[in-house]
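Bear in mind that the values in this text are calculations on the coordinates, not laboratory data. Model, not experiment: these values are computed from the prediction. Cβ atoms come from the backbone with ideal geometry, glycine included; neighbour counts cover every protein chain shown.
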Amino acid sequence: MSPSKWTGTDSSAPQHDEEQRLRELGYKPVLARRMNGFGNFAISFSVISILSGCMTLYGFGLGTGGPAVMMWGWAGVGLFVLFVGMALAEVTSAYPTSGALYYMADRLGGRRWGWYTGWLNLLGLLGAIAGIDYGCALFTGAFLNLQWGFDPTPGSTMLIFIAILLVHAVLNLFGVRLVSVLNSVSVWWHLAGVALIVAVLAIVPDHHQPPKFVFTEFVNDTGWHNPFYVAAIGLLLAQYTFCGYDASAHLSEETSNASVSAAKGIVRAIWVSWLAGFVLLAGLTFAIQDYAGTVNSATGVPPAQILLDALGSGGATALLLVVIVAQLFCGNAEVAAASRMVFAFSRDNALPGSSLWRRVSSRTQTPVPAVWLSVGVACVLALPSLYSATAYGAVTAINVIGITPAYAIPVFLRLRAGDRFQKGPWHLGRWSRPVGWIAVVWVAFVTVLFCLPQSSPITIDSMNYAVIALAAVLILSSVWWYVARNSYGTPSSEAYGNDAEQAEIAEGIV
């Protein structure tokens, strides 16, 4: 049975008039629709970025269950995330807007549902920028250490991080066409990069770990004694990596045939990342030469130590550069997704200073202030890394704890709506409800899981700050609700129905 029949998609149906559909949803088209289906898939694949998530949290995985949890955890988490992605894709097909998750929740559950979903989504997206680009800064420091003996101190790492943020901001100011091209290149860079790294690690080293080590070795450096608890905490590596696929939905107002392309982009990005990520983790783990030396690497980046031990300085430096470029692609894509969320949320008057953040450049049709706000907040979120070695783990947890619940809320509301939900052209047919409930239960599980402490004893340095971040955003959004509730709201379908200007789309929109 073909995928289109399994999902209920009619692949032979004519493409929807997406500009008209956007007006029906209440919005006047102002962004340039210059991204094709592959570009839409590419942005989610780039944000998931196995060469970013797998590599930056590999050291975390070495101590929270070790090889066994990394490998089997990746396989299991990837399967459940695929269920979440399929359920979310179905709702995305019905509501292809830049607001994405919060707009879906608003339409299906009401203003309050949309409000809190939006704030959780925004927290996750901004935390993702901080996590991705700070991880890239760590890898850049390791690269400089191997190449020129550079000492990657917290201060120097922060300066590299700020420079990366500025590069991503500038790239995003040139318009969505450049973003789309970079993301398309990113797909092939990631796939070729994984193939190159795994092939070199398989061929060059004289020694490899046996399969029993790779798939059964359990390591616990957390201080907790319950192996089931440790294994559950170790799932953070995979769950953190499998975040950001809502980028396809956030870029839907800039994608041709978005009602189908954005939905397919979400699902395709997950399963391609799932397969490629398993190969990458296996390749790295088979190539470990000295486990303790890898965990306590002088570079500060365990995968860099694996490359160094297996290939020598020259080979390690070259492959590390491949990883860094992939991480740069990833961070750039995340800035694009987050800025569209800021733009859309401001368009509905949900943020302080919304009148500024929703402005769009008449030249590039890009939400310029939203781009700068996204990188600015991401910079602030990463500042504690100057003072605490565990702060980076907290940032990644903030990303997961914010964005993961936001994925499930529209799915839950769609299930609650039952037959009242009007399906888009891409849907799951009779599989909609079972897939949806599996997604909701999984998200509820990991949301609780990632609020739990990750190491023992619990101190100021080792505490899991994700729960504090979650509480803070819920409290602040609740307080702001009483300030902005009279102005916030997604438009009705008639809001722009008679607006003559809605047909005057800026020149160059495809």
SER346: net charge of surrounding residues, Cβ under 12 Å, Lys/Arg +1, Asp/Glu -1, itself excluded? +3
If I take all pairs of Cα atoms in the stretch 202-243, what percentage of them are more than 14 Å from each other? 64
Value of D in µm² per second that Stokes-Einstein yields for the stretch 228-343, Kirkwood Rh from Cα pairs, at 20 °C (1.002 mPa s): 129
Semi-axes of the equivalent ellipsoid of the stretch 302-458: what are they in whole Å, largest first, if each equals the square root of 5 times a C-alpha gyration tensor eigenvalue? 33, 26, 19
Beyond 18 Å, how much of the Cα-Cα pair distribution for the stretch 147-200 remains, as a whole percent? 59
When you take every Cα atom in the chain, what is the radius of gyration, and what is Dmax, the widest Cα pair distance, in Å? 21.9, 72
LEU126 neighbourhood, Cβ < 15 Å, K/R = +1, D/E = -1, net charge -2
Below 13 angstrom from the Cβ of HIS168, what's the summed charge of the other residues (Lys, Arg +1; Asp, Glu -1)? -2
Just tell me, in residue order, which DSSP H segments of the chain are both 24 angstrom or longer along the helix axis (alpha-carbon based) and at least 1.6 in mean Kyte-Doolittle hydropathy. 154-172, 176-203, 432-449, 466-484
Calculate, in whole percent, how much of the Cα-Cα pair population of the stretch 84-231 lies beyond 27 Å. 55
